[in-house]
Amino acid sequence: MRMHNPPHPGQIIRQLCLEPLGMSMTEAASALGVSRKTLSALLNGRAGISPEMAVRLSIAFGTSSESWMNEQTQHDLWHAE
């Protein structure tokens, strides 16, 4: 049985990290140490989470880098099947 289409990790970041904290894209990009363009690509599903970005997210939002990599892997596998 095939599971539902997991959301892109960028959507998760927007809904569970940025929106609850009231962070703008500019503030979040600064906290992550990346450009607005890089963060925009991730939030809009045009880029995935790299191991480096997973570490940045874990530090900025108090999460684990493994959880971010798992979200990306689930998304990628669903689309590959």
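Values computed for the structure shown
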read-out	value
Index of the failed condition, SER58 passing every other in (1) within 19 Å of LEU21 (Cβ to Cβ); (2) under 11 Å from the mean Cα position of the chain (by Cα); (3) touching a residue at least 12 places away in the same chain (Cβ under 8 Å)	(3)
Total residues in region 6-50, condition assigned to a helix (DSSP H, G or I), more than 19 Å from GLY62 (Cβ to Cβ) and of a type in the set (D, E, K, R)	2
Test: residue in region 54-61 that is surrounded by 14 or more Cβ atoms within 10 Å (Cβ to Cβ) and among the basic types (Lys, Arg)	yes
Filtered residues of region 33-55 (kept if β-branched (Val, Ile, Thr) and touching a residue at least 24 places away in the same chain (Cβ under 8 Å))	ILE49
Conditions (1) among the charged types (D, E, K, R); (2) modelled with pLDDT of 95 or more; (3) not in a helix (DSSP H, G or I): number failed by ARG2	(2)
Considering residues of region 3-29 that are buried (at least 17 other Cβ atoms within 10 Å of the Cβ) and not hydrophobic (A, V, I, L, M, F, W, C) only, the residue farthest from HIS75 (Cα to Cα)	ARG14
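The values are calculated or read from the model by the stated rules, or taken from the named source; none is laboratory data. Since this is a predicted model, take the numbers as computed values, not measurements. Please note: Cβ atoms are built from the backbone with ideal geometry, for glycine as well, and neighbour counts cover all protein chains shown.
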